[in-house]
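Read the structure below first, then the notes.
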Amino acid sequence: MKSLLPLLIQLIISPIVSAAIDAYQFPNDELSVRYHKLIAELRCPQCLNTNIAGSDAMIAKGLRSETHRLLLDGKTDHEILDFMRDRYGDFILYNPRVTGGTAVLWFGPLLFVVIAMVILVSIVRRRRVLSKQEVDVEQLNALLGKRKGEQH
Amino acid sequence: MTLNKSLLIPLVVFILLILLLALGFTLKDPHFLPSELIDKPFPEFSLSDLYSAKTRTREDVIGDIVLVNVWATWCPNCLIEHPELTRIAAHEGVTLVGVNYNDESAKARNWLRRHGDPYSFHIVDNDGRLAIDLGVYGAPETFVVDQQGVIRYRHVGPVTRDVWQRTLAPVIDLLGSGA
């Protein structure tokens, strides 16, 4: 089992590693790093759930070349993501901005946490009430009195 | 017989889940993306014409209500929609402009010679830059551009008779009536 673990990890990360192979030249490593980060967080509009780094679709190729060009033009990461968003909408961002339309993505999970907390609290409260009622006060007193009597 | 109401909760949750999943089946094509470019001006460009050395710009597209069709010879659906586009250009009085997308011009001219060319002119977009500015993610795509050069409608996929009757024609009629 232990020997399987590295293999499993390899399988999980391999789609990320086998990214695009177009040979784009960058004047420095910083641009190259930003390029790979950007193409990893842009979703391919043609294929469902693949980033443009990992897609062979024509449009993914085009968008990679566009990202390369914009980086060489000196655009910031934010400007490049804006450029893509203006043309392809929130869909293209794997890390979508908080807007009216994407609010449900951002805050939906929080809503479920709140619902779970409410349910949890209500269950705990009900149990507490039940356990209090179940104790027969008179019987308890009688027991306590008996004990007191025995001791003295 | 009294039924413990809390026993019904899993059933209710299950039914709600089924309804939610059933809703998923009624959604449109998962490939469908809402267009960001509706009601935005047609992008600026400067590209060559398919047949001449002339440079085509945004000015060539605006003036009349125009159907801008993004097509390519490698695109099978472009061949499927070709007869309908030909009919529209001939009988519906709509100007048709082609954007030859990620293609080779010689192949494109050949294709048009074989299948006929109903377009007013073609913009050569060999590196797909104009297509990206239009938010195109596959061919064919068809845009309705109004007299002011504003994109008013976008259709993804082949233009069939049904698409023309149900969406493109009403949109164009509305724009033509000055809306």
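Given the structure, is B:Ile123 aliphatic (A, V, I, L, M) and free of Cβ contacts under 8 Å to residues at least 12 places away in the same chain? Give the steps one after another, and end with the answer.
Working: aliphatic (A, V, I, L, M): yes; free of Cβ contacts under 8 Å to residues at least 12 places away in the same chain: no.
The answer is no for B:Ile123.
Quick one: in segment A:74-91, which of the residues that are within 21 Å of A:Leu31 (Cβ to Cβ) and either assigned to a strand (DSSP E or B) or in contact (Cβ under 8 Å) with a residue 40 or more places away in the chain (or both) is nearest to the other protein chains (Cβ to nearest Cβ)?
A:Met84
Quick one: how many residues across segment A:92-105 are more than 14 Å from every other protein chain (Cβ to nearest Cβ), of a type in the set (A, V, I, L, M) and not in a helix (DSSP H, G or I)?
Number satisfying all stated conditions: 1.
Quick one: in segment A:54-86, of everything that is among the basic types (Lys, Arg) and under 22 Å from B:Tyr101 (Cα atoms), which residue is surrounded by the fewest Cβ atoms within 10 Å (Cβ to Cβ)? Steps first, please.
To start, the set of residues in segment A:54-86 that are among the basic types (Lys, Arg) comprises A:61, A:64, A:69, A:75, A:85.
This time we only want the ones that are under 22 Å from B:Tyr101 (Cα atoms), so: A:61, A:64, A:69, A:85.
Working: A:Lys61: 17, A:Arg64: 22, A:Arg69: 14, A:Arg85: 17.
Here the residue is A:Arg69.
Given (1) surrounded by fewer than 22 Cβ atoms within 10 Å (Cβ to Cβ); (2) within 21 Å of B:Ala131 (Cβ to Cβ); (3) more than 14 Å from chain B (Cβ to nearest Cβ), where does A:Lys37 come up short, assuming only one miss?
Against the list (1) surrounded by fewer than 22 Cβ atoms within 10 Å (Cβ to Cβ); (2) within 21 Å of B:Ala131 (Cβ to Cβ); (3) more than 14 Å from chain B (Cβ to nearest Cβ), A:Lys37 comes up short only on (2).
B:Ala131 - would you say it is modelled with pLDDT under 90 and either surrounded by 18 or more Cβ atoms within 10 Å (Cβ to Cβ) or within 24 Å of A:Ser55 (Cα to Cα) (or both)? Steps first, please.
Details: modelled with pLDDT under 90: no; either surrounded by 18 or more Cβ atoms within 10 Å (Cβ to Cβ) or within 24 Å of A:Ser55 (Cα to Cα) (or both): yes.
Spelling it out, it is not the case that B:Ala131 is modelled with pLDDT under 90 and either surrounded by 18 or more Cβ atoms within 10 Å (Cβ to Cβ) or within 24 Å of A:Ser55 (Cα to Cα) (or both).
What are the pairs with Cβ atoms under 6 angstrom where one residue, in segment A:102-115, is within 17 Å of A:Phe91 (Cβ to Cβ) and the other, located anywhere, is part of a helix (DSSP H, G or I) and not hydroxyl-bearing (Ser, Thr, Tyr)? Sequence gap at least six, or different chains.
Final answer for the pair search is A:Thr102/A:Asp90.
From the list A:Ile59, A:Ile115, A:Ile123, A:Ile119, pick out the single residue that is of a type in the set (A, V, I, L, M, F, W, C) and either assigned by TED's automatic domain parsing to the domain that holds A:Ala23 or not in a helix (DSSP H, G or I) (or both). Give the steps one after another, and end with the answer.
Numbers: A:Ile115 fails: either assigned by TED's automatic domain parsing to the domain that holds A:Ala23 or not in a helix (DSSP H, G or I) (or both); A:Ile123 fails: either assigned by TED's automatic domain parsing to the domain that holds A:Ala23 or not in a helix (DSSP H, G or I) (or both); A:Ile119 fails: either assigned by TED's automatic domain parsing to the domain that holds A:Ala23 or not in a helix (DSSP H, G or I) (or both).
Of the residues listed, the single one that is of a type in the set (A, V, I, L, M, F, W, C) and either assigned by TED's automatic domain parsing to the domain that holds A:Ala23 or not in a helix (DSSP H, G or I) (or both) is A:Ile59.
Any residue that is buried (at least 22 other Cβ atoms within 10 Å of the Cβ) and more than 18 Å from B:Cys75 (Cα to Cα) - is there at least one of those in segment B:135-144? Walk me through how you get there before you give the answer.
The initial filter retains those residues of segment B:135-144 that are buried (at least 22 other Cβ atoms within 10 Å of the Cβ), namely B:135-137, B:139-144.
Now narrow it down to the ones that are more than 18 Å from B:Cys75 (Cα to Cα): B:144.
Yes.
Cβ-Cβ below 6 Å, separation at least six or inter-chain, first residue in segment A:40-67 and more than 10 Å from chain B (Cβ to nearest Cβ) and more than 17 Å from B:Asn126 (Cβ to Cβ), second modelled with pLDDT of 90 or more and surrounded by fewer than 17 Cβ atoms within 10 Å (Cβ to Cβ): which pairs?
Pairs found: A:Asn51/A:Ala40; A:Ala53/A:Ala40.
If you check B:Val68, B:Val61, B:Val94, which single one turns out to be within 15 Å of the chain's Cα centre (by Cα) and either within 19 Å of A:Arg87 (Cα to Cα) or more than 14 Å from chain A (Cβ to nearest Cβ) (or both)? Before you say what the answer is, go through the steps one by one.
Values: B:Val61 fails: within 15 Å of the chain's Cα centre (by Cα); B:Val94 fails: within 15 Å of the chain's Cα centre (by Cα).
None of the others qualify; the one that does is B:Val68.
So, in segment A:2-51, of the ones that are more than 16 Å from A:Tyr94 (Cβ to Cβ) and among the β-branched types (Val, Ile, Thr), which residue ends up modelled with the highest pLDDT?
Within segment A:2-51, the match that is modelled with the highest pLDDT is A:Val33.
Kindly list the number of the only condition in (1) touching a Leu at 6+ places or on another chain (Cβ under 8 Å); (2) within 14 Å of chain A (Cβ to nearest Cβ) that fails for B:Asp103.
If we test B:Asp103 against (1) touching a Leu at 6+ places or on another chain (Cβ under 8 Å); (2) within 14 Å of chain A (Cβ to nearest Cβ), just (1) comes out false.
Within segment B:121-179, which residues are part of a helix (DSSP H, G or I) and among the aliphatic types (A, V, I, L, M)?
As a first pass, look at segment B:121-179 and keep what is part of a helix (DSSP H, G or I): B:129-133, B:161-176.
Correct list: B:Leu130, B:Ala131, B:Ile132, B:Val163, B:Leu168, B:Ala169, B:Val171, B:Ile172, B:Leu174, B:Leu175.
The values are calculated or read from the model by the stated rules, or taken from the named source; none is laboratory data. Treat the numbers as computed from the prediction; the structure is a model and nothing was measured. For neighbour counting, all protein chains shown are included, and Cβ atoms are generated from backbone atoms with ideal geometry for every residue, glycine included.
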